[in-house]
Structure formats: structure tokens, C-alpha cells
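Novice: Dumping the structure here so I can ask a few things about it.
Just so you know, all these numbers are worked out from the coordinates, no wet-lab data involved. Note that the coordinates shown come from a computational prediction; the quantities given were computed from them, not determined experimentally. Here the Cβ positions follow ideal geometry from the backbone for every residue, glycine too, while neighbour counts run over all protein chains shown.
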Amino acid sequence: MGKEGVLFTVIFLLILAATATGIVSSTNSLMREATDIRGQKALYQDSGVYRYNPASFVREGVIWDVVNLFIGLPLFAIAAIGSLQNRLRSRLFMGGLLAYFWYVYLGSVVMYAFNRFFLVYIAIFSLSMVAFVLNFQHVKVPELPPRMGRKFPRRLFIAYSTGLGVVLTFLWLVRLVPIMFSGQFPEEFAGLLTFGSQALDLGFIVPLVLATAALLAKKSPWGFYLASVAMPVGLMMFISIPAWITVPLVHDGKTNILEAIPFFAISLLGLVLAAIFYLNVNPRMALPEEKQAAL
């Protein structure tokens with residue numbers, strides 16, 4: 001097993017440990033009500049890995065753990081096997097998965113209360129970035145456009161990436177700006193100190209998808225590469241987001257419908273587009289039309 005194989009294995013095992021422990025330690029965990037620094041009543045988890053975090057925040061973390069353990073890691077294993085065989089589709093998908101794990105575990109470091117997995121989270125997001133760079137070295141970006149099928153719906157991906165960036169920006173700014181001026185967190189966010197997920201969305205996801213749209217519009221090879229990164233990130237998020245909406249609805253009997261509807265629509269379309277993108281990746285270089293005619 002080469003260096004990449006060892007690196008993929010270490011990342012896999014670290015995520016396995018973090019997700020499994022997060023799920024198990026949150027099962028039947030103790031809760032405690034307390035008043036936060038803003039004077040709001042909040043329910044905190046009082047045991048397990050997510051101890052000292054607000055219950056609503058813990059629920060989101062456990063959903064990430066379940067999705068990463070049962071969907072993210074199997075996909076990662078499949079992509080790792082293909083990447084070590086230097087298959088283009090696997091290399092592209094692996095890049096997106098590594099970006100996704102970087103996003104998730106950077107969020108874990110900066111958002112969760114300090115716990116015994118703090119260094120594990122740091123190791124996952126830092127090693128994911130190292131693996132991303134090593135994986136990228138095997139992707140010949142200038143050759144990507146010819147490797148996409150002639151029926152690749154470039155305009156559809158431009159429209160979707162632009163729409164996703166605009167919708168995320170609008171939804172989060174509508175939520176954040178009033179809180180900035182009022183200084184009062186809504187009841188469902190009582191106990192939180194800041195909005196880490198929204199910060200990562202606005203600081204990472206929005207620039208990624210808008211850059212993807214802009215470069216695809218120019219027919220730049222980098223647009224296809226950024227799309228290959230954005231699609232797996234989106235795939236995993238579009239599986240998690242409906243769960244974040246559905247679980248509170250089932251558990252508490254309520255959810256934010258105004259946010260739920262666009263996120264459900266975005267998620268469904270995103271899953272379809274992720275499948276379309278990778279089905280269009282041709283592992284062999286497409287021949288120019290004149291050479292095909294000669295054959």
C-alpha cells in the first residue's frame with residue numbers, strides 16, 4: 001500500500017471512530033436545562049461526546065454522524081479503491097468527498113464544545129486537505145472538457161450552481177441580519193454562541209458554487225473540475241439537509257416551513273444533478289470529430 005493508500009486508511013479510521021462514538025454516546029444521553037449567557041433557557045446535553053452543547057445542535061451533529069458513517073464512509077471506501085487504480089471518475093469523486101470531510105470536521109472543531117475528540121477532528125480536516133492535494137495531482141484539468149459527454153447539460157449546471165449560491169446567501173442573510181441588529185437569538189438557537197454552519201456555507205459553499213457557475217459559463221476546464229468537487233459535497237449535504245428538517249418535525253412536531261421547502265427542492269435536484277454529472281464522465285479522452293469521421 002502506497003502513501004495515498006495509508007492516508008486514505010487513516011482518514012477512514014478516524015472518521016469511523018468519531019462518527020460511531022458520537023452516535024453511541026448520544027443514545028439515551030442525559031440532558032440538563034440551564035440559562036445561557038444571554039439569559040435564555042436552553043437544554044444542554046450533559047453526557048457523551050457532545051456534552052455541553054445545546055440539544056438542537058447535538059441532534060444536528062448526530063445526523064451528520066449517521067450520514068457520514070452509513071453513507072459517507074462506504075462511498076469514501078469505493079472512491080479510494082478506484083482512486084488508487086487511478087480511475088478518473090473515482091479521482092474526481094474523491095476530491096469532492098475530501099472537500100466535504102474538510103468542511104464537516106472544520107465545523108466540528110470550531111462549533112462543538114471542547115471534547116476528547118478535538119484532536120481527531122483536527123486530524124480529519126487537516127489530513128483531508130493533504131489528501132485532496134495529493135489526489136488533485138492525478139487529475140489533468142485541461143483534459144476534463146473532452147472527457148465530459150457531448151450531451152453534458154452545462155447550462156443546467158450553471159443555472160443550478162448560480163441558484164444554489166443565491167438561495168443560500170438569501171436564506172442565511174435573512175436569518176442572520178435581524179439577529180445582528182436585535183442581539184437576540186431565536187428560541188431554537190438558544191445556547192449557541194455563534195452560527196458556524198452558516199459561516200461555512202457563506203464562506204465556502206457559496207463561493208465554490210458561484211465560481212463553478214462562472215467558470216462553466218466561460219467553458220473553462222476549471223469549471224468542470226470545481227463542479228466535480230461541488231457535486232459530492234452537495235450530494236452528502238443534500239442527504240443530510242432533509243434529515244435535519246424531518247427529524248425535528250417528527251421529534252418536536254414543528255419545523256421552519258419557509259426554509260424547509262426550498263431546501264427540500266434544492267436537495268432533490270442536487271441529488272439528480274450529482275448522478276448526471278458522474279454518469280457523463282468518460283474515462284477515455286473523447287476524439288475530435290474529424291478523427292472520429294476518419295475512423
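Novice: What percent does the relative contact order of the chain come to when contacts are Cα pairs within less than 8 Å and at least six residues apart? Intermediate values should be presented prior to the final figure.
Specialist: Numbers: 346 pairs, mean separation 62.4, N = 295.
Computed over the chain, the figure is 21 percent.
Novice: What is the angle, in °, between the Cα long axis of helix 221-252 and the longest principal axis of the Cα atoms in the chain? Nearest 10 is fine, range 0 to 90.
Specialist: Around 30 degrees separate the two axes.
Novice: Apply the Karplus parameterisation 6.51 cos²θ - 1.76 cosθ + 1.60, with θ equal to phi minus 60°, to every residue of segment 33-45 and state each ³J(HN,Hα) to the nearest whole Hz, in sequence, with x for glycine and proline.
Specialist: The phi angles translate into 8, 8, 9, 7, 5, 8, x, 9, 6, 9, 9, 10, 6 Hz.
Novice: Also: Under the rule of at least 5 residues apart or a separate chain, name every residue whose amide H is placed under 5 Å from the amide H of N282.
Specialist: M148, G149
Novice: Scale the Cα Rg of segment 159-230 by the rule-of-thumb value 2.2 N^0.38 Å and send over the ratio, two decimals.
Specialist: Details: Rg = 15.2 Å, N = 72, 2.2 N^0.38 = 11.2 Å.
Output field value: 1.36.
Novice: Considering the chain as a Gaussian network with a 10 Å cut-off on Cα pairs, which listed residue, L30, L208, L271, attains the greatest mean-square fluctuation?
Specialist: Between L30, L208, L271, it is L30 that shows the largest mean-square fluctuation.
Novice: Let me ask another. In a Gaussian network model over the chain where Cα atoms closer than 10 Å are linked, find which of L176, L192, L98 has the largest mean-square fluctuation.
Specialist: Highest fluctuation among the options: L176.
Novice: Could you please rank Y52, Y160, placing first whichever residue has the fewest other Cβ atoms within 10 Å of its Cβ?
Specialist: Result, fewest neighbours first: Y52, Y160.
Novice: Same structure, new question: Nearest 10 degrees, 0 to 90: what angle lies between the long axis of helix 3-26 and the longest principal axis of the chain (Cα atoms)?
Specialist: Once rounded, the angle reads 30 degrees.
Novice: Quick one: angle between helix 88-111 and the longest Cα principal axis of the chain, in degrees between 0 and 90, rounded to 10, please.
Specialist: Helix 88-111 and the main axis of the chain meet at about 20 degrees.
Novice: Using a Debye calculation, one point per C-alpha and no hydration shell, please list log10 I(q)/I(0) for segment 12-137 at q = 0.12, 0.14, 0.16 Å⁻¹ in order.
Specialist: -0.49, -0.63, -0.77
Novice: Still on this model: I want to verify a result. In a Gaussian network model of the chain, Cα cutoff 10 Å, which of these has the top mean-square fluctuation: I37, I122, I71?
Specialist: Comparing I37, I122, I71 in the GNM, the peak value goes to I37.
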